[in-house]
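These notes are about the structure you will find just below.
The values are calculated or read from the model by the stated rules, or taken from the named source; none is laboratory data. Please read these numbers as outputs of a predicted model, since none were measured by experiment. Note that we place each Cβ from the backbone using ideal geometry, even for glycine, and neighbour counts take in every protein chain shown. Accessible surface is based on the protein model in full, side chains and every heavy atom, while ligands, DNA and RNA are left aside. Shrake-Rupley method; radii C 1.70, N 1.55, O 1.52, S 1.80 Å.
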Amino acid sequence: FAFLPFNRHLRVALVTGGNAPLERALRLDSRVHLTVLLPARYAAAGSAFDLYVFDRFVPSTPPLAPALLFHPGAAPWLPASTGDRSAPVIANATDRHPILENVSLADVEIERARTFRMPGADDAMVALARTAEGGVLAAASESAPRWFALGFTVGESSLASQASFPVLLGNAIGWLTAEKAPQMQPVGPVRVPIPDAKVS
């Protein structure tokens, strides 16, 4: 079999006041060319990035590129917050969404998190993880540009120490940027999704 990953490099901006575990995990992804910005510098960044990662910060207007958000504040383009919760427990997480494929959130301990209230009329928005009381801790939207939000941060949870943390990041990056999945083809002529391409 021929295994042909789509060799794409992504310009990713991490907007944070400082988050070493998250920055380190993003730098370990070979697809990612990472730029770290302070929140005050976000407005000057323009549209030079393929993906934004917002850590405890959210712009008032949606970015032009897809966004991965950790513990975002209130913004008109995100679901309304139902407030912060102390030590919430993830009781229900779907494994049917590409972001949570091969990811377990069952053992993640959370010190503090913001839960979301999902709008009933938006079919593009989906809840991926909830507390036992029904508060949404993880949500995603298919509307362009896509976004995925976790109600808690890496620093206020045990997420960074979980084996599935890099898988979660990789899945999120792939889904947010609509990355093509690797192809597996039998031996013989192989069609490559690039015009006029030739495999040597």
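Within the stretch 84-97, which residues are out of contact with any Ser or Thr (no Cβ under 9 Å at 6 or more places or on another chain) and either basic (Lys, Arg) or surrounded by 12 or more Cβ atoms within 10 Å (Cβ to Cβ) (or both)? Show your work before the answer.
So in the stretch 84-97, the residues out of contact with any Ser or Thr (no Cβ under 9 Å at 6 or more places or on another chain) come out as 86-87, 94, 96-97.
Thr94, Arg96, His97 - these are the residues of the stretch 84-97 that are out of contact with any Ser or Thr (no Cβ under 9 Å at 6 or more places or on another chain) and either basic (Lys, Arg) or surrounded by 12 or more Cβ atoms within 10 Å (Cβ to Cβ) (or both).
Looking for something modelled with pLDDT under 90 and over 15 Å from the mean Cα position of the chain (by Cα) - is there at least one such residue anywhere in the stretch 22-31?
Yes: the stretch 22-31 contains one or more residues that are modelled with pLDDT under 90 and over 15 Å from the mean Cα position of the chain (by Cα).
What number of residues within the stretch 110-154 are open to solvent by 40 Å² or more (accessible area, probe 1.4 Å), out of contact with any Ser or Thr (no Cβ under 9 Å at 6 or more places or on another chain) and within 25 Å of Asn19 (Cβ to Cβ)?
Total meeting the criteria: 1.
Which residue, of Ser47, Ser30, Ser60, is closer than 19 Å to Ala140 by Cα and not in a helix (DSSP H, G or I)?
Exactly one residue qualifies, and that residue is Ser60.
Scan the stretch 83-90 and tell me whether some residue there is within 19 Å of Glu156 (Cα to Cα), in contact with a Phe, Trp or Tyr (Cβ under 7 Å, 6 or more places away or on another chain) and hydroxyl-bearing (Ser, Thr, Tyr).
no
Of Arg85, Arg41, which residue is of a type in the set (Lys, Arg) and assigned to a strand (DSSP E or B)?
From the options Arg85, Arg41, the qualifying one is Arg85.
Give the residues of the stretch 155-168 that are surrounded by fewer than 23 Cβ atoms within 10 Å (Cβ to Cβ) and either under 17 Å from Asp50 (Cβ atoms) or within 13 Å of the chain's Cα centre (by Cα) (or both), sorted by residue number.
Phe165, Pro166, Val167
So which residues in the stretch 33-76 are under 19 Å from Arg117 (Cα atoms), under 13 Å from the mean Cα position of the chain (by Cα) and without any contact (Cβ under 8 Å) to a residue 60 or more places away in the chain, if there are any at all?
Once the filter is applied, which keeps residues that are under 19 Å from Arg117 (Cα atoms), under 13 Å from the mean Cα position of the chain (by Cα) and without any contact (Cβ under 8 Å) to a residue 60 or more places away in the chain, the stretch 33-76 yields nothing.
Give the residues of the stretch 98-109 that are part of a loop (DSSP other than H, G, I, E, B) and surrounded by 13 or more Cβ atoms within 10 Å (Cβ to Cβ), sorted by residue number.
Scanning the stretch 98-109 gives Glu101, Val103, Ser104, Leu105, Val108, Glu109.
Please enumerate the residues belonging to the stretch 35-62 that are touching a strand residue (DSSP E or B) at 6+ places or on another chain (Cβ under 9 Å), over 17 Å from Asn171 (Cα atoms) and of a type in the set (A, V, I, L, M, F, W, C). Give the steps one after another, and end with the answer.
First, the residues of the stretch 35-62 that are touching a strand residue (DSSP E or B) at 6+ places or on another chain (Cβ under 9 Å): 35-39, 41-42, 44-45, 48-59, 62.
If we keep only those that are over 17 Å from Asn171 (Cα atoms) too, we end up with 35-39, 41-42, 44-45, 48-49, 55-59, 62.
Matches in the stretch 35-62: Val36, Leu37, Leu38, Ala44, Ala45, Ala48, Phe49, Phe57, Val58.
Let's see how each residue does on (1) in a loop (DSSP other than H, G, I, E, B); (2) at pLDDT 90 or above; (3) more than 21 Å from Thr16 (Cα to Cα):
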| site | (1), (2), (3) |
| --- | --- |
| Ala163 | yes, yes, yes |
| Trp175 | no, yes, yes |
| Glu179 | yes, no, yes |
| Met184 | no, no, yes |
| Val190 | yes, no, yes |
| Val199 | yes, no, yes |
